[in-house]
Amino acid sequence: MLVLGLESSCDDCSAAVVEETLAGPVLRSLVRESQDAIHGPFGGVVPELAAREHLLQARAVMAGALVGAGVGLDDLDRIAVTRGPGLVGSLLATFSASKAVAWRAGIPWVGVHHLLGHLNAARFAAPALPFPALVLLVSGGHTHLYLAKDWTSLSLLQKTRDDAAGEAFDKAARMLDLGYPGGPLVDAAARAASRAGEPFTPPKFRDGKPSWSFSGLKTAVKLRVERNPRLASAGAQDPDVQGLCRSLQEAISAWLLKPIPALAEEHGARSLVISGGVACNSRLRTEAALVAARTGLALAIPEPRLCTDNGAMIAAAGALLEPDPDPWPRNADADLKLELGG
Ligand code: KG4
Ligand code: ZN
């Protein structure tokens with residue numbers, strides 16, 4: 001089965017052709033247009049600009065994915081598109097385009113929940129993953145831990161109380177004037193560090209409820225920059241900036257992975273999936289391998305280009321869902337709930 005997958009929920013416009021085989025999904029092509037140059041000067045995504053850019057990019061990424069896979073519209077068995085959650089203007093670009101193409105060419109269509117997409121990104125490398133799985137989805141908008149009984153079901157175990165982990169990376173990078181998006185830049189500076197800076201103290205929750213909090217990190221980085229104003233412009237080559245980046249990403253990785261062993265035991269989990277942009281982080285990837293080995297969990301982290309938002313993960317999830325019998329009245333949904341499937 002050949003599936004065209006489309007994704008434009010935030011600031012990446014992406015299309016991919018995926019062949020679903022008995023052995024799992026095979027990536028036939030993947031095209032992604034970045035909008036970093038547009039949003040970079042603002043230090044974050046500007047929804048109106050993102051939506052307008054997606055309108056210009058949608059046709060080209062679809063055509064690019066088909067050409068890259070060497071197939072035409074007639075060869076497709078299905079079109080899968082992100083239905084939500086996300087920025088509604090951004091979502092609508094590929095959502096509307098997908099319906100138009102499906103209608104014109106008579107191709108079965110399915111709307112996909114963005115987070116089911118992130119889960120299914122792990123299917124490319126680990127199609128035979130044992131379930132139940134703990135699924136840690138970490139990006140610029142999400143820091144959520146789910147229990148999955150298969151590739152199409154996620155039930156929430158815990159999430160951040162405030163900022164997402166990706167926001168902590170992006171905001172710290174902004175305070176250190178490293179550029180946008182911050183995650184990869186903090187990661188590179190941390191890898192160049194010869195030693196870690198002062199460690200960050202984990203937050204304590206009075207109510208004892210399992211969750212995370214990352215907004216305190218933003219304040220802690222701000223205080224360190226106020227104490228040592230040189231950090232604000234010293235740049236990624238500076239040893240103190242590198243040390244700060246290293247302790248920041250050590251803290252974020254350790255906090256994210258801390259609940260895994262106990263939850264694995266409690267829920268009888270057999271595997272751990274980590275996906276979303278922050279899953280590209282080098283420290284998180286190495287630490288996760290250690291935690292998984294110690295806990296006896298199979299580990300699946302997609303290759304970096306499939307961790308960030310992309311059309312391939314939407315195609316892989318869409319391949320497992322039933323096509324929508326009546327796509328035409330469907331709308332994109334900025335707050336799409338997981339229970340609704342896609
Ligand atoms: O999944 P994604 O592409 O988009 C959202 O749905 O948000 O994730 C983007 C986030 C950004 O916050 C970016 O800074 C972060 O992922 N990110 C990283 C790394 N690469 C991307 N964070 C830490 N280390 C990285 N190497
Ligand atoms: Zn995402």
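The values are calculated or read from the model by the stated rules, or taken from the named source; none is laboratory data. In this text the structure is predicted, and so the values were computed from the model without any measurement. Cβ sites come from the backbone with ideal geometry, for glycine too, and all protein chains shown count toward neighbours.
Suppose we filter E250, E167 for residues that are in a helix (DSSP H, G or I), over 20 Å from T286 (Cα atoms) and either within 16 Å of ligand 2 (Cβ to nearest atom) or modelled with pLDDT of 95 or more (or both); which single one remains?
Testing whether each residue is in a helix (DSSP H, G or I), over 20 Å from T286 (Cα atoms) and either within 16 Å of ligand 2 (Cβ to nearest atom) or modelled with pLDDT of 95 or more (or both) leaves just E167.
Residue by residue, here is whether (1) within 15 Å of ligand 2 (Cβ to nearest atom); (2) outside the structural domain of L178 (by TED's automatic domain parsing); (3) under 20 Å from G111 (Cβ atoms) holds:
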| residue | (1), (2), (3) |
| --- | --- |
| S9 | yes, yes, yes |
| C13 | yes, yes, yes |
| A16 | yes, yes, yes |
| E33 | no, yes, no |
| A58 | no, yes, yes |
| A65 | no, yes, yes |
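Output the residue which, of all residues in region 204-228 that are in a loop (DSSP other than H, G, I, E, B) and polar (S, T, N, Q), is nearest to L244 (Cα to Cα).
N228
Can E198 be described as under 16 Å from S247 (Cα atoms), away from ligand 1 (no atom under 16 Å from the Cβ) and not aliphatic (A, V, I, L, M)? I'd like the intermediate steps shown before the answer.
On the way: under 16 Å from S247 (Cα atoms): yes; away from ligand 1 (no atom under 16 Å from the Cβ): yes; not aliphatic (A, V, I, L, M): yes.
Here the answer is yes, as E198 does meet what is asked.
Can you pull out the residues in region 251-278 that are small (G, A, S), farther than 16 Å from L137 by Cβ and touching a residue at least 12 places away in the same chain (Cβ under 8 Å)?
If the condition is that a residue be small (G, A, S), farther than 16 Å from L137 by Cβ and touching a residue at least 12 places away in the same chain (Cβ under 8 Å), then A251, A254, A264, G268 are the ones that fit.
Go through region 45-87 and give me each residue that's of a type in the set (G, A, S), assigned to a loop (DSSP other than H, G, I, E, B) and loosely packed, with under 15 Cβ neighbours inside 10 Å.
Passing the criteria: G70, G72.
So L27 ticks every box in (1) more than 16 Å from ligand 1 (Cβ to nearest atom); (2) aliphatic (A, V, I, L, M); (3) surrounded by fewer than 22 Cβ atoms within 10 Å (Cβ to Cβ); (4) not in a strand (DSSP E or B) but one. Which box is left unticked?
Single failed check for L27: (4).
Say whether the condition of being hydroxyl-bearing (S, T, Y), assigned to a helix (DSSP H, G or I), in contact with an Asp or Glu (Cβ under 7 Å, 6 or more places away or on another chain) and buried (at least 18 other Cβ atoms within 10 Å of the Cβ) is met by at least one residue in region 292-305.
no
Here's a check for you: in region 253-279, which residue that is part of a helix (DSSP H, G or I) and either outside the structural domain of T143 (by TED's automatic domain parsing) or under 17 Å from the mean Cα position of the chain (by Cα) (or both) is nearest to H114 (Cα to Cα)? If you could, list the steps in order and put the result at the bottom.
Keep residues of region 253-279 that are part of a helix (DSSP H, G or I), which gives 253-257, 260-267, 277-279.
Keeping just the survivors that are either outside the structural domain of T143 (by TED's automatic domain parsing) or under 17 Å from the mean Cα position of the chain (by Cα) (or both) gives 253, 256-257, 277-279.
Values: S253: 23, L256: 21, L257: 23, G277: 13, V278: 16, A279: 16 Å.
Going through the qualifying residues, I end up with G277.
To keep it simple, each residue is scored yes or no on (1) in contact with a Leu (Cβ under 7 Å, 6 or more places away or on another chain); (2) closer than 20 Å to L129 by Cβ; (3) within 13 Å of ligand 1 (Cβ to nearest atom).
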| site | (1), (2), (3) |
| --- | --- |
| G268 | no, yes, no |
| S275 | yes, yes, yes |
| R294 | no, yes, no |
| C307 | no, yes, yes |
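Taking V88 and the conditions (1) in contact with a strand residue (DSSP E or B) (Cβ under 9 Å, 6 or more places away or on another chain); (2) of a type in the set (A, V, I, L, M); (3) within 16 Å of ligand 2 (Cβ to nearest atom), which numbered condition does it fall short on, given that it satisfies the others?
Checking V88 against (1) in contact with a strand residue (DSSP E or B) (Cβ under 9 Å, 6 or more places away or on another chain); (2) of a type in the set (A, V, I, L, M); (3) within 16 Å of ligand 2 (Cβ to nearest atom), the one that fails is (1).
Give me the pairs, please: first residue somewhere in region 97-124 and over 20 Å from M62 (Cβ atoms), second residue anywhere and of a type in the set (S, T, Y) and surrounded by fewer than 24 Cβ atoms within 10 Å (Cβ to Cβ), beta-carbon distance under 8 Å, and either six or more positions apart or on two chains.
L115/Y146; L116/T152; L119/Y146
Can you tell me which residue among A293, A289, A279 is away from ligand 2 (no atom under 16 Å from the Cβ), touching a strand residue (DSSP E or B) at 6+ places or on another chain (Cβ under 7 Å) and closer than 20 Å to R123 by Cα?
On inspection, the qualifying residue turns out to be A289.
Condition test on A192, is it touching a helix residue (DSSP H, G or I) at 6+ places or on another chain (Cβ under 7 Å), of a type in the set (A, V, I, L, M), farther than 24 Å from D12 by Cα and away from ligand 2 (no atom under 16 Å from the Cβ)?
Here the answer is yes, as A192 does meet what is asked.
Give the number of residues within region 284-306 that are basic (K, R) and over 20 Å from H144 (Cβ atoms).
2
Out of (1) away from ligand 2 (no atom under 16 Å from the Cβ); (2) in the same structural domain as L92 (by TED's automatic domain parsing), what's the single condition that is false for T152?
Failed condition: (2).
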